[in-house]
Amino acid sequence: MTATDRAVELVEIAAGAAAEKLASDIIAYDVSDQLVITDAFLLCSASNDRQVRAIVDEIEERMRKAGLRPVRREGEREGRWVLLDYVDVVVHVQHAEERVYYALERLWKDCPQIALPEPVGAVGAGGAGAAADRGAAGPAERGQR
């Protein structure tokens, strides 16, 4: 089983919105073989709490224009890790420190990545998420915090 065309379309919409607000390390996984609750995860990072909120706002606006509202939203008050659940797609917008610490890429590394359009896929390449994808040791793994 693979992510539906609709899930891939939604990933691209959300990824484009995140890139518009300068999110880094934007990556998407097809988790449909592992989970029955969703088809895809989109992960992205922000350098501060305000940027996390701006990315979330832009994603919600673009998804609203596509006719969707999140069925669940978590973490908005803290602004460090916001989860937006659109059923077919779950979006994780994380502060860069949380992204490195929780390293969701390691958890989902066996799932196929969903190719993102070039301008989006190139944003923040080589950052924390990209290092985790390549199996490189991040700061937490090297004993740094």
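The values are calculated or read from the model by the stated rules, or taken from the named source; none is laboratory data. Not measured: the values here are computed from a predicted model. Cβ placement follows ideal geometry from the backbone for every residue including glycine, while neighbour counts extend to all protein chains displayed.
Details
- Unmet criterion (only one of (1) on the phi < 0 side of the Ramachandran plot; (2) within 14 Å of the chain's Cα centre (by Cα)) for Leu22: (1)
- With respect to the conditions (1) in a loop (DSSP other than H, G, I, E, B); (2) closer than 25 Å to Lys109 by Cβ; (3) in contact with a strand residue (DSSP E or B) (Cβ under 7 Å, 6 or more places away or on another chain); (4) not charged (D, E, K, R), Gln34 falls short on a single one, namely (3).
- Checklist (1) assigned to a loop (DSSP other than H, G, I, E, B); (2) surrounded by fewer than 16 Cβ atoms within 10 Å (Cβ to Cβ); (3) modelled with pLDDT under 95 applied to Gly124, failing item: (2)
- For the stretch 1-31, a tally of residues being small (Gly, Ala, Ser) and assigned to a helix (DSSP H, G or I) returns 7.
- Options Gly79, Gly75; residue that is out of contact with any Lys or Arg (no Cβ under 9 Å at 6 or more places or on another chain), surrounded by fewer than 19 Cβ atoms within 10 Å (Cβ to Cβ) and modelled with pLDDT under 95: Gly75
- Selection count where residues are farther than 23 Å from Asp57 by Cβ, modelled with pLDDT of 95 or more and surrounded by 23 or more Cβ atoms within 10 Å (Cβ to Cβ), scope the stretch 1-30: 1
- Screening the stretch 50-82 for residues that are more than 16 Å from Ala15 (Cβ to Cβ) and assigned to a strand (DSSP E or B) and picking the one that is nearest to the chain's Cα centre (by Cα) gives Trp81.
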